[in-house]
Structures are given as structure tokens and as C-alpha cells.
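A short worksheet on the structure shown next.
The values are calculated or read from the model by the stated rules, or taken from the named source; none is laboratory data. What you are looking at is a predicted structure, and each value in this text was computed from that prediction instead of being measured. When we count neighbours, we look across all protein chains shown, and the Cβ atoms used for this are built from the backbone with ideal geometry, even at glycine.
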Amino acid sequence: MRRSGYTAASVPAEYGGGGHGLDAVALAHLALAKGDGSTAIGLAMHLMLCGGEGQARAWPEAARARIFDAVVRDGALINNAAAEPELGSPQGGGRPRSTVTPDGPGRWRLSGHKVFTTGAPVLTYFVTYVAVEDGSGDTARLAVQRDLPGVRVEGTWDALGMRASGSHDVHFDGVVVSDDDFLSRSGGGARREAGANAWFPILVGATGLGVAEAARDYAVRFARERQPLGDAAPIATIPHVREQIGRIDATVLAARALLLQTAEDWEQHPDERGHMGPQVAAAKRLATNSAVEVAETAMRIVGGVALHRTEPLERYFRDVRSGLVNPPIEARALETIARAALDGPE
């Protein structure tokens, strides 16, 4: 991925990156996820941070230039380390237990415990969400280098799906950071809408849907080739199998169309991004739910063979489920959509 330049694909061209938008990256990610879901979800987290920041320009310029240069020149990888055992996802606006405390002029001590840090074993930077303990009541996001003393990855990831994603716990034990490591600082927590940064939900959706397309291809190939003894033709000739394949393809086509159209709209209409929350939420929701449906239907077509660990279909079946718990989850996606319909202008 580094040699191909894909890890720098979403870094703006002015910083030496590929300069590709969400539409191009989403399309590429569908293909990548067909090959390996865990690799795709790890890179999705990295690419969404680079792409989202490249468009939002929310970080200090010096920090953005430093991190993007490391991504382009050294193949550095970056992801959020935000969720916590008690906080859960920061999407809800809660105050984190992880803290930064003043430790002299321009110095701070970072302490905390983060969970679900995808790609943790190979990340160069952890963008961590913390409470600022200086009496201000602020929260902040810091870019913490993995090689600093006190940064520790704990190999806790033992999950149903995306088992190779390395989504381990990360501990910060009195890590010394500086003012230069602050990416943002704000008063209290802030609930984020689905459309605030479409990169995350769209690439999560693309990952799940790409895995589902791999499950679809497996089921189609199996149906074409499987001919039980005594049958005159492969199972692809059986009406109910054909109906199920038809349902799979109809589902994939619809989810893929909305996902890619949303990514294209995000790129083509930047002035409308603030109003795209419902569309982004709907695209991610449809992609995720469709992926689960497609993988399950593929398993029904294939039958008992699908349960074998020697075959990839059981992995596809597990991996697509990870999208269900990535934000926006079902309830928040539907609330975002409903709010636009019921609480906004008619």
C-alpha cells in the first residue's frame, strides 16, 4: 500500500499527496475490501483522517504539514484513539477520562486508556481525545507519536470480525507532549453529526460493501460450478437460487449507487456539505445493512461449505458485521435523517 502511494492518496496535492477526493477513494476502497476487509478498514481510518483534514483544515498549519509530510515521505499511518471503556464513542459528546495536565511551560502529561484503536500495531500517530485538566473544562485532540515513552499498545483485540485489523487498546502512561501536539481544543464535548465529516461513514460503508461483493462473487461462482451427483445441471439453474442471486445483485447495485453518489456529491458540492448529514447517514446505513444481507444470503446459497474455516465466506460473513457498530450506528443515522424531515424547514 505504501509503495503504490495509496496511503497518501487522500493527502492534498499541495502537501505532496495524491490529492484524491472521497469519490475516488471510496471507489478504490470497494475494490480493496474485496481482497481483505481488515486491511481495508485499517486504511479507511487513516485515509479518512488525511482526507477529512485536507478539506476541513481544522488543525494548525504546522501540525498538518508535519503529519502530511510524514505520511507522504515516510509512509506514516495515523488513526484516532478516541473511544474509552467508560466513555464509549466520543460521538455522544461525553467528557473523556483520558487527560492532559500542565507540566511546565509548553509541556503536558498525557494519561489515559483508549479502546478499539484500529491499526494500533502499525500506527505512527495516535490522534487522541482528552480532557484538558488546567481548570478550563476544555477537551482537546492531540497527535501523539507511538515511539514516545509511556505509549503502550495492549493486544486485546479478539473479535468476531475484522480480526486482522489490530484494533487493540492503547495506554498513555504519563506521556510528555507539547503545545505543538495539540490539533484542536474546544469547550467541553461536542456531539457530531453524521455529515460533519463524510469520509469516515462513507469509507466504512465502502469497506463493508466491498466485503459483501466478495461474498457475492463467491456465491455466484459456487452456483455456477456446484452440481451435486444425480443433478442434471449446476445449482445455478434452480429457480430459488437464481432469485437469491438476483436479490443479492439488486441489493449491491442500490447500495453502491447511493454510496458513490454521496461521495461524488460531497466532492462536487462543497458548499452543501453542512447539509449532507441525512444523505451521508443514509448511504452508510444502506451500505452496512446491505452488506450483512448479502453475506447472509450468500451463505444460504452455498450451504454447509460456507461454514468451513478453509473457505473465505465465513470470514466475509463475520467481517461485514463490524460496520453495524461503526458510527453512525443505526439509531443515530435514523435520528439524523428524521431530524432533517421533522425539525428543519418545510
For segment 156-184, enumerate the residues that are within 20 Å of Pro105 (Cα to Cα) and either outside any strand (DSSP E or B) or at pLDDT below 95 (or both). Asp179, Asp180, Asp181
What are the residues in segment 198-244 that are exposed (fewer than 13 other Cβ atoms within 10 Å of the Cβ) and within 15 Å of Glu293 (Cα to Cα), if any? Glu243
List the number of the failed condition for Val153; all other conditions in (1) in a loop (DSSP other than H, G, I, E, B); (2) free of Cβ contacts under 8 Å to residues at least 40 places away in the same chain; (3) crowded, with 16+ Cβ neighbours inside 10 Å hold. (1)
Scan segment 248-261 and give yes if some residue there is in contact with a Leu (Cβ under 8 Å, 6 or more places away or on another chain) and among the charged types (D, E, K, R), otherwise no. yes
Considering each of Gly54, Gly42 in turn, give the residue that is assigned by TED's automatic domain parsing to the domain that holds His20, under 30 Å from Pro312 (Cα atoms) and either in a helix (DSSP H, G or I) or touching a strand residue (DSSP E or B) at 6+ places or on another chain (Cβ under 7 Å) (or both). Gly42
Could we say that Arg309 is of a type in the set (Lys, Arg), surrounded by 13 or more Cβ atoms within 10 Å (Cβ to Cβ) and either touching a Lys or Arg at 6+ places or on another chain (Cβ under 7 Å) or more than 25 Å from Ala83 (Cβ to Cβ) (or both) here? no
Looking at (1) in contact with a Leu (Cβ under 7 Å, 6 or more places away or on another chain); (2) free of Cβ contacts under 8 Å to residues at least 24 places away in the same chain, find the lone condition where Glu53 falls short. (1)
Considering each residue of segment 203-229, count those that are part of a helix (DSSP H, G or I), among the aliphatic types (A, V, I, L, M) and either within 18 Å of Val241 (Cα to Cα) or more than 14 Å from the chain's Cα centre (by Cα) (or both), and give that number. 6
Quick one: how many residues across segment 98-131 are assigned to a helix (DSSP H, G or I) and either acidic (Asp, Glu) or buried (at least 23 other Cβ atoms within 10 Å of the Cβ) (or both)? 1
